[in-house]
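See below for the structure under consideration.
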Amino acid sequence: MTETTLPRTETATSPVLQTIGVVKTFGGVHALRGVDFALAGGEIHALVGENGAGKSTLIKVLTGVYRPDDGQVQFRGEQVTFGHPSMAQQAGISTIYQEVNLVPLLSVARNIFLGREPRTRLGLIDTRAMDRDAAKLIGQLGIHLDVRAELGRLGLGAQQMVALARAMSVDSRVVIMDEPTSSLEAPEVATLFEVARNLRDQGVGLIFVSHRLDELWQLCDRVTILRDGQHVHTGEMADVSRAELVSHMLGRDLAQVERGGATDFGESHLRDREPVLTVRGVDARNTLHGVGLDVRPGEVVGLGGLLGSGRSETVKAVYGALPTTGGEVRVGGKDVRRNSVPDALRSGIALLSEDRKAEGIIPALSVRDNIALAVLPRMSRFGIVSEARIDALVQTFMERLHIKASSPRQPVGELSGGNQQKVLIARWLCTEPTVFLLDEPTRGIDVGAKAEVQSLIDELAEQGLAVVLISSEMDELVEGADRVVVLRDGAVSGELDGAHLSSSDLLAALAGDIAEADAEAQQTDSPEQTADQTRLGGQA
Amino acid sequence: MSSTTATAERTRTRIDLDWVRRNGVYVALVALLLFNVVATNNFLSERTLMLQLIQVTPVVIVALGMALVIGTEGIDLSVGAVMALAAAVIPLYIGYGAPLAILAALTAGLLCGALAGSIIGFVGVQPIVATLGIMVAGRGVANLLGGEIKSIREPGFVALGTGEFLGVPYVVLIAIAISLAVWFVARRTIYGRQLVAIGGNPRAALLAGLPVRRVIITTYVVCGLLAAVAGVLMAARSQASDPTKLGLLMELSAITAVVIGGTPLSGGQVRIVGTIAGALLLQLITATLIFHNIPDSTAQMAQAVIVIAAVYVQLGRRKGSS
Amino acid sequence: GCTNTGEEEEPTTDSAAEGDAGSEESADAGAGSNDGAAQTVREGEGAAGDGCTIDQYGVEPLELEGAKVGFSQSEPDTAAFRAAETESIKSAAEEVGVGEIIVTNANNELPKQISDIQDMLNQGVEFLIVAPVNSDGLDPALDAAKEAGVPVLTIDRKVTNEPCTDYIAFLGSDFYDQGERAADAMNEATGGEGKVAILLGASGNNVTDNRNAGFKDKVEADYPGLEIVAEQTGNFARDEGQTVTEQLLQSNPDITAIYAHNDEMGLGAVTAVKAAGLQPGEDIKIVSIDGTKNAVQGIVDGEINAVIESNPRFGPLAFQTAQKFYDGEAIPEDVIIQDNEYNADNAEENLANAF
Amino acid sequence: MTGTLTTDAPTDRVDSAGGGRRSTGATVARVLQRQGALLILAAVCVVAGIAFDNFATFGNFSAVAVQASFLAVVALGMTFVIMTAGIDLSVGSVFALGGVLAAWGSQHGALIGLLLPLAVCGLIGLVQGLIVARGGLPPFIVTLAGLLFARGLLLALSDEGATTYKVPEGSWFRQLAQGEFLGLGLTVWIVIILFLIGGVVLHRTTFGSTILAIGGQEDAADLMGLPVARTKVVAYLMCAMLAGLGGTMMASYTSSGVTVLGVGMELEVIAAVVLGGTLLTGGAGTVLGSLVGVLLLTVIKNVINMVGTLNSNWQAVVSGVILLVVVVAQRWLAKIERR
Ligand SMILES: Nc1ncnc2c1ncn2[C@@H]1O[C@H](COP(=O)(O)OP(=O)(O)OP(=O)(O)O)[C@@H](O)[C@H]1O
Ligand SMILES: Nc1ncnc2c1ncn2[C@@H]1O[C@H](COP(=O)(O)OP(=O)(O)OP(=O)(O)O)[C@@H](O)[C@H]1O
Ligand SMILES: [Mg+2]
Ligand SMILES: [Mg+2]
């Protein structure tokens, strides 16, 4: 039941939300050049395109964040101009924007109901009711967390789910999701699909953006493809093949695109050498419990686990960015000082963080300065930086990673999500690490880029780099890693390698977790069901 | 500041704002100059113009330090008190000759900066409070050391305030030298680059292995040092050390200069030339009000309006931060 | 410098009061333990007669010796005037041999002075000497004192409350008069002809107002030759006096005289005039008010033409008045002290009297 | 405006997130954070109580309460502004302006004396709010200009500060601050009531949570469709009106419109708010904390007076050092909790 196309009658209905010849430019950059787009009620409409194709911009135009330079937006037949996101929301369009946009310091419940909290008779916020309803919503999404806890304490994945809960908590005609699954695990993805399908069946129109192409066929009815801010194709999801889709996105012809495998990872390249990275019994207050890990040169070790299993925590701890209470990290036999990022860097560890916005880019600085940031000392004499060297370095990496920016001096904040990610990868490659920790390296980047990054990871491993790979994408993990270490509740719960390294094995491992997790918190949906959803999320 | 925050207006008027943002302060400056050329008698005399440069030096020097601090997403309210403290130290050591006295004064400033830097860098106290505490205590210490105002007659020291080289007063030359130095440090050195990175996104800077604490502390030390320099120069000019009054409200003038110069208080940017222009603008405003003998009440209201106007031209509509 | 912010409200009424004050009598000079001349009451003033007696005021008699006395100072002691004033009160208290003298400092904040006084009353002071931050608004403090049956003597600034019910009497200078005398001195110095720039004290403060009003009224009335070409605030500070003067000398090159509301600004003006390549005291005549050592020295050096004294040494006179009060004598509403004038002729020998 | 820059900045903000809400989920850290000032206040009181026999008396406490009430009213408004990650430097001048207007107005009827300052100060706040929220200018500069403007206006109204308007004898306007109820000055009761309201508004209304959201993450609040601009404007309006009210109370208390009030008050108020555990980066804090901060500052002055012979310079040094000690202590408390 991967493709669920709808009866013609549904899709034939007049569009709820529509753009006609929308144009949007930022300074020199043409983000949208006259895009026509139409969303019908009761359909799930995929919006795809390369990084920087203009998807997010289109969404922001639709929801009143940006005002189009030209063209018009129509909602339910008549033309509208939303001056502010609130106006779009009042009209019945609820949106999950690309980067999580919630308030870290407020509780989960507050975040879900901000602006429309339940009231008591006195017109005051009814905190009890609010927490109760929030807990219910979160429960329906199959995750269990304290809704009174500060949102900022949750992992990115969890935050993403809270954003979904917020979007669900209003009944709206249109729901827009810009890369909602980019940091989600199979179970959560399955839940999200469930939710989306329910909404569709209630006649709501949904826009769904994702760079995980498989998801499109599982979920979406129709698809619109953008390239360089232009509309290139709209049609039934079922009618396009993966290859066609990609060729449309990249603007290359089919032959070029057609290749085997869901990902671009090459063969396994395990070599039995001494581990270069050894992690022993790392503890961190109520997130990690005695995590151990070995990585050999040229080996790619994957970290598997459910949302909140502490994978991000593990790599952060290794990198010294998460205060640990015990355990040791050794690189090439030498001890790495605890809780010291500089020391970790010196001993050759690099971490590509999962949270691009908060822990990665420095938005106001140029692409150039962002790339060179970590290697300034090497780029300078007597504390005086050598522009020439930096330019050379930046040049090479921008070409090698195909970073799409108007110039090296463009502020990174203005780049599209995927290109920001590439900038960060470049930053770390500059440091010539011996151990590279990648937390969701392909999060939110398009097929083309993803292929590049994946083969890059291979290439790096080939060159003898030790890689730790965290990915919420089953295939990426299975095909990319030589071994997968499975985490649960901040502790190693198992390891898969060689013959046992397959999607099904991994799913089984995770499903086991889920079963337990659900056993712990008695929930409406039964384990089997969740496991079943998981499989849906995983396959294809 | 991230692209996602851009709202309709801001993005629409992006281009022209860019131009204005780059030139606004200079436009205002030129406008006020022209006004004076026309309306103020004897304004174009070499001495009058030089006088403006002389009088603006303390603000410029302090503002440059402040610009660096603001670049790290911080703020330093203690500069005025530090000036007073530095000045207060001088009479104590002037007996051993001007150089040693000045050295002592600068040391005092350096220590204040180091204190502020450590409290902010190591303990993580919010800059505005940390420096507020130092401001209050510092002024008190200055008074304890200096007591009531003391005239300073030491010829070497007086010369610093009154002397000239090729018709340009030492104080102005010093200010120019410092400006160039700070410009170089901010633009060309690792430290300068790291500073703006830290101001732009502390968390990311930390994960990129930048020596956040060291940079923070250094910055406050530099700021304190520059404040001390300004204090010394003012003392030399008035040939007296007045711990009670010296540098009162300097922190506000300096911050205003920086912001008029186009540096957002949200950090992540340092604009040296703009800051200097901002200081000159403030100087010219006060001078103009004196030239035309405006009563204090009107003067204060006029200042308010002009400052708002100037900053609006600079930062208008792109959400400045608190 | 004398930055005593805010001063007695309507000097005109003081001058009126002067007339009907009774016999000659002056506080014995030198009683002040700290160097310099103690205050003397202005001729034809500070006498008994229709003054305020302890019965009228209605408080218990008190033996000052061994008593607990409170002094509420208005401004930081870093101002020469304030330092001298506080010092004088403390040492006079010792002379008299009071049991304890509690000194608070309001740092120029009226609310703080009110709480200071209330706190001192809480600590059970039996007699209060107050140098008000401002002529108005001390009501809560004075009420509290009345409630506690503690008499209040205000010095150096007159409050607008009811004499002999809210406070015993006012000891201090007449700032309006100081302004007038500054005008006379200016007339002397300039020979009746000149363009005068005024360096005002801090805005919104009665000293500034009175010293300015006195000067301008007098010039208006008697010295048509003197033209006031500029009035700008120097906030009682030396460096501000300097910067403002520098600017003024540029925009009005024809200025021939400067009247500064206090010595500090006067000294600032001196520096500025020199910097402009002119000779202070010669090319530009300078008159200021206070009588600080630096300024009087300035006269000796010929850089300042005249300084009107504003004598801060209230200690001896204050305690004498208190003693008289408890001896049952009547204390006049205003005990206006005799302020001297320093000029080229007497500066040398009186240098010691400067504070 | 400012960021706490320790190895784990984000978690800091979480830890020091003063009760953004009433939830029982308040972390130990948050409690400690808030009690940082409270603990020190208690400590100071105990020590003083032992050292000076007339400290722990009802008379002294009620006096301190009244003395604190004026600062407290202003601090309440400032708390809201700071929670939006803003700041209001104009409160000192507005406070003074309010007093002058009140005194002048009371000569034409007590009610005018009460309403005029609220109206005028409110207007100033409204303009500041509009420039900040709609114009997008940094609050620091806008309110700095406001400081100058209000002071200038005040001087203009009192012919360069020469005239001080008096509140007419027997006008019930005087009762506003001079009256008593259950042995406590009316201003104290006013403060208690205002802070109760403030607490409810902040923690139990959408306006309140919007304030916190804006301070926590303005872009997010914007994308969530919250009325960011409007809320900010209201915050500055409120702050100015409360400052004006404070001035009005002071005018009633002193029966006159004193022109030299409120210089440097803004910093004292900010200090109080921060001592109370509110983050200048916004998004977190409690109104109660600010009240504690105000009390702490007032009690310290009171104690310094008890000591009696401390000269004004030492007073400055002591209060500065205490301020530093308290904020440092708060940070440590927060950190210890994280170990
Ligand atoms: N605020 C902005 N200022 C300047 N340029 C911008 C801004 N926002 C987007 N752009 C540019 O517009 C183009 C489209 O960006 P957009 O974020 O819509 O791409 P996208 O399709 O969402 O990519 P991704 O899949 O990586 O999110 C990019 O080239 C980007 O650099
Ligand atoms: N679904 C959840 N339920 C409860 N807590 C969660 C959940 N998701 C995240 N958290 C909290 O966030 C912390 C780290 O989560 P995080 O998502 O970073 O872990 P992760 O394994 O890296 O998952 P992700 O793939 O999202 O990075 C966990 O220690 C937990 O406290
Ligand atoms: Mg996007
Ligand atoms: Mg993670």
Task: Breaking point among (1) under 30 Å from C:Asn294 (Cα atoms); (2) part of a helix (DSSP H, G or I); (3) within 13 Å of chain D (Cβ to nearest Cβ), for C:Ser88 - done: (3)
- [ ] Would you mind stating whether A:Thr442 is away from ligand 2 (no atom under 16 Å from the Cβ) and either surrounded by fewer than 24 Cβ atoms within 10 Å (Cβ to Cβ) or under 17 Å from the mean Cα position of the chain (by Cα) (or both)?
- [x] no
Open item on the list: For the condition outside the structural domain of A:Ser309 (by TED's automatic domain parsing) and over 17 Å from the mean Cα position of the chain (by Cα), what is the one hit in A:Ser406, A:Ser455, A:Ser416?
Closed with: A:Ser406
Open item on the list: I need the full set of residues from region A:430-475 which are of a type in the set (Gly, Ala, Ser), at pLDDT 85 or above and within 16 Å of ligand 4 (Cβ to nearest atom), in order please.
Closed with: A:Ser471
TODO: Confirm whether D:Gly247 is assigned to a loop (DSSP other than H, G, I, E, B) and either in contact with a Leu (Cβ under 9 Å, 6 or more places away or on another chain) or hydroxyl-bearing (Ser, Thr, Tyr) (or both).
DONE: no
Task: Residue, farthest from the other protein chains (Cβ to nearest Cβ), within region A:160-183, restricted to residues that are within 16 Å of ligand 3 (Cβ to nearest atom) and assigned to a loop (DSSP other than H, G, I, E, B) - done: A:Thr181
Open item on the list: Checking the structure you have, find out if any residue of region A:74-85 is facing another protein chain (nearest Cβ under 7 Å), within 16 Å of ligand 1 (Cβ to nearest atom) and either farther than 26 Å from A:Leu250 by Cα or surrounded by fewer than 23 Cβ atoms within 10 Å (Cβ to Cβ) (or both).
Closed with: yes
TODO: Tell me, yes or no, whether region A:192-205 has at least one residue that is in a helix (DSSP H, G or I) and surrounded by 24 or more Cβ atoms within 10 Å (Cβ to Cβ).
DONE: yes
Open item on the list: Could you check region C:103-138 and list, in sequence order, the residues that are under 22 Å from the mean Cα position of the chain (by Cα) and β-branched (Val, Ile, Thr)?
Closed with: C:Val103, C:Thr104, C:Ile114, C:Ile117, C:Ile129, C:Val130, C:Val133
Open item on the list: For region C:203-239, which positions are crowded, with 21+ Cβ neighbours inside 10 Å, among the charged types (D, E, K, R) and more than 7 Å from every other protein chain (Cβ to nearest Cβ)?
Closed with: C:Arg211, C:Lys218
Open item on the list: Of the conditions (1) touching a residue at least 12 places away in the same chain (Cβ under 8 Å); (2) within 14 Å of chain D (Cβ to nearest Cβ), B:Val59 satisfies every one except a single condition; which number is it?
Closed with: (2)
- [ ] Taking only region C:119-155 into account, find how many residues are in contact with a Lys or Arg (Cβ under 6 Å, 6 or more places away or on another chain) and among the acidic types (Asp, Glu).
- [x] 1
- [ ] Select from region A:113-159 the residues that are more than 16 Å from ligand 2 (Cβ to nearest atom) and more than 13 Å from chain D (Cβ to nearest Cβ) and list them in ascending order.
- [x] A:Asp133
TODO: Answer yes if at least one residue in region A:425-435 is more than 16 Å from ligand 1 (Cβ to nearest atom), more than 10 Å from chain B (Cβ to nearest Cβ), assigned to a helix (DSSP H, G or I) and under 16 Å from the mean Cα position of the chain (by Cα), and no otherwise.
DONE: no
Task: Which listed residue, of A:Gly494, A:Gly498, is away from ligand 1 (no atom under 16 Å from the Cβ), closer than 18 Å to A:Ser309 by Cα, free of Cβ contacts under 8 Å to residues at least 24 places away in the same chain and over 17 Å from the mean Cα position of the chain (by Cα) - done: A:Gly494
TODO: Exactly one condition in (1) among the hydroxyl-bearing types (Ser, Thr, Tyr); (2) surrounded by fewer than 24 Cβ atoms within 10 Å (Cβ to Cβ); (3) closer than 25 Å to C:Gly204 by Cβ is not met by C:Ser288; state its number.
DONE: (2)
- [ ] With respect to D:Ala145, determine if the residue is surrounded by fewer than 23 Cβ atoms within 10 Å (Cβ to Cβ) and facing another protein chain (nearest Cβ under 9 Å).
- [x] no
- [ ] Sort out for me the strands (runs of 3 or more DSSP E) sitting completely within region A:278-369 that have 1 or more residues that are away from chain B (no Cβ under 14 Å) and within 16 Å of ligand 2 (Cβ to nearest atom).
- [x] A:288-295, A:300-305
Open item on the list: Can you tell me how many residues within region B:146-165 are touching a residue at least 12 places away in the same chain (Cβ under 8 Å) and assigned to a loop (DSSP other than H, G, I, E, B)?
Closed with: 6
- [ ] Check whether at least one residue in region C:73-84 is under 22 Å from C:Gly124 (Cα atoms) and more than 14 Å from chain D (Cβ to nearest Cβ), and report yes or no.
- [x] no
TODO: Of the conditions (1) of a type outside the set (A, V, I, L, M); (2) more than 13 Å from chain C (Cβ to nearest Cβ); (3) touching a residue at least 60 places away in the same chain (Cβ under 8 Å); (4) not in a helix (DSSP H, G or I), D:Gly225 clears all except one; give me its number.
DONE: (3)
TODO: Mind listing whichever residues of region B:41-51 are more than 9 Å from chain C (Cβ to nearest Cβ) and either touching a residue at least 24 places away in the same chain (Cβ under 8 Å) or over 22 Å from B:Ala177 (Cα atoms) (or both)?
DONE: B:Leu44, B:Met50
Task: Test: residue in region A:360-375 that is acidic (Asp, Glu), away from ligand 1 (no atom under 16 Å from the Cβ) and not assigned by TED's automatic domain parsing to the domain that holds A:Thr396 - done: no
Task: Scan of region A:113-159 for residues that are over 23 Å from the mean Cα position of the chain (by Cα) and either within 16 Å of ligand 3 (Cβ to nearest atom) or in a helix (DSSP H, G or I) (or both), ordered by number - done: A:Phe113, A:Thr127, A:Arg128, A:Ala129, A:Met130, A:Asp131, A:Arg132, A:Asp133, A:Ala134, A:Ala135, A:Lys136
Open item on the list: Taking the conditions exactly as written (within 14 Å of ligand 1 (Cβ to nearest atom), in a helix (DSSP H, G or I) and in contact with a Pro (Cβ under 7 Å, 6 or more places away or on another chain)), does A:Val453 satisfy them or not?
Closed with: yes
Task: Tally of residues being in a helix (DSSP H, G or I) and either over 18 Å from B:Ala28 (Cα atoms) or at the interface with another protein chain (Cβ under 7 Å from one of its Cβ atoms) (or both) across region B:256-298 - done: 8
Task: Criterion: away from ligand 4 (no atom under 16 Å from the Cβ), touching a residue at least 24 places away in the same chain (Cβ under 8 Å) and under 25 Å from the mean Cα position of the chain (by Cα) - qualifying residue of A:Gly310, A:Gly320, A:Gly327 - done: A:Gly320
Open item on the list: For region A:164-198, which positions are over 21 Å from A:Gly42 (Cβ atoms) and away from ligand 4 (no atom under 16 Å from the Cβ)?
Closed with: A:Ala165, A:Arg166, A:Ala190
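The values are calculated or read from the model by the stated rules, or taken from the named source; none is laboratory data. Please read all numbers here as calculations on a predicted model, not as lab measurements. When we count neighbours, we look across all protein chains shown, and the Cβ atoms used for this are built from the backbone with ideal geometry, even at glycine.
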